[in-house]
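Read-outs throughout are calculated quantities, based only on the coordinates presented, and are distinct from any laboratory measurement. Fair warning: this is a prediction, and the values are worked out from it, not measured in the lab. Don't worry about glycine lacking a Cβ; one is built from the backbone with ideal geometry, like all the others, and counts go over all protein chains shown.
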Ligand SMILES: CC(C)(COP(=O)(O)OP(=O)(O)OC[C@H]1O[C@@H](n2cnc3c(N)ncnc32)[C@H](O)[C@@H]1OP(=O)(O)O)[C@@H](O)C(=O)NCCC(=O)NCCS
């Protein structure tokens, strides 16, 4: 684990640590219940909850269990989403990936750009062997993004998640280091 949080740069974004001052931007994304319906947790309903989320995201680095990057758009310095590598098992060299972007910024290639950078970081610097993605079977945007990134479907985790007052199945996908190297080579 590096001493300083790793800042990553892509053509349009700076990926940096989430800070408390990001709470209003996180609130605007995470309070959009319809947009976040398959995200995996209940939407935030107050600024206090958004501050708690900002704290939670930045705590992973402090605890050594992973990273959550804020996606800051360079042209206006706006936080447009976040993505992360977490539940890091250092012995087994694997972790889980998560991501969300604001509705207004959807489908502009931002998440593909950000995830490409964090997967490079994960395989090159964190020495990961495997990254797992878990997504609701109805989350077509997330499933399509994961397959575009080379993730392979492994099966259904029955009723693994709980939000919105009920349990949900999650599709499980994985990306191995060799899949990623091949994809990057062919790009
Ligand atoms: C999933 C999500 C992060 C995608 O972010 P995005 O910035 O819109 O994605 P991108 O623009 O980088 O799209 C990259 C590729 O993903 C796929 N994709 C993204 N959104 C899609 C959609 N609505 N339908 C189908 N494919 C989609 C496409 O292959 C797309 O490439 P293309 O536009 O060239 O066809 C976004 O929809 C989101 O934040 N959803 C709400 C939160 C959430 O559900 N997070 C995931 C929890 S598992």
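Per residue, the convex hull spanned by the Cα atoms of the chain measures out at 120 cubic angstrom.
Within the listed set 59, 91, 147, the Gaussian network model of the chain (springs between alpha-carbon atoms below 10 Å) gives the highest mean-square fluctuation for 91. Residues in segment 39-73, backbone N under 15 Å from the label point at residue 154 (7 Å along the Cα-to-beta-carbon vector): list them, ranges by number please. Answer for this model: none.
What's the FRET efficiency of residue 107 with residue 129 using the Cβ-Cβ distance as r and R₀ = 30 Å, to the nearest 0.05? Walk me through the intermediate numbers first.
Numbers: r = 31 Å, r/R0 = 1.04.
Efficiency for this residue pair is about 0.45.
May I ask you to derive the relative contact order of the chain, considering only C-alpha pairs under 8 Å and at least 6 residues apart, and to give it as an integer percent?
On the way: 318 pairs, mean separation 33.3, N = 187.
Reported relative contact order: 18 percent.
Quick one: work out the % antiparallel among DSSP beta bridges in the chain, nearest 5. Working shown, then result.
Numbers: 35 of 39 bridges.
The antiparallel fraction comes to roughly 90 percent.
Extending 7 Å from Cα along the Cβ direction at residue 63 and again at residue 162 yields two label points whose distance is 1.8 nm. For segment 1-90, the gyration tensor built on C-alpha atoms gives an oblate shape. Its axis ratio a/c (a ≥ b ≥ c) is at least 1.5, and a/b is not larger than b/c.
Taking the average, over residues, of other Cβ atoms within 10 Å as the packing measure, peptides 63-73, 105-115 rank 63-73, 105-115 from highest down.
With the cut-off at 1.5 for a/c, could you classify segment 39-121 from its C-alpha gyration tensor as rounded, prolate or oblate? It comes out oblate by the Cα gyration axes. Highest average first, the peptides 21-27, 179-185 ordered by how many other beta carbon atoms sit within 10 Å of their residues are 21-27, 179-185.
At a Förster distance of 30 Å, what's the computed FRET efficiency of residue 141 paired with residue 187, Cβ-Cβ distance as r, to 0.05?
E(calc), rounded to 0.05, equals 0.90.
Want the number for residue 41 to residue 73: 0.36 nm per residue separation, take away the alpha-carbon distance, what's left?
On the way: separation 32, 0.36 × 32 = 11.52 nm, distance 2.51 nm.
Stretched out fully, the residue 41 to residue 73 stretch lengthens by 9.0 nm.
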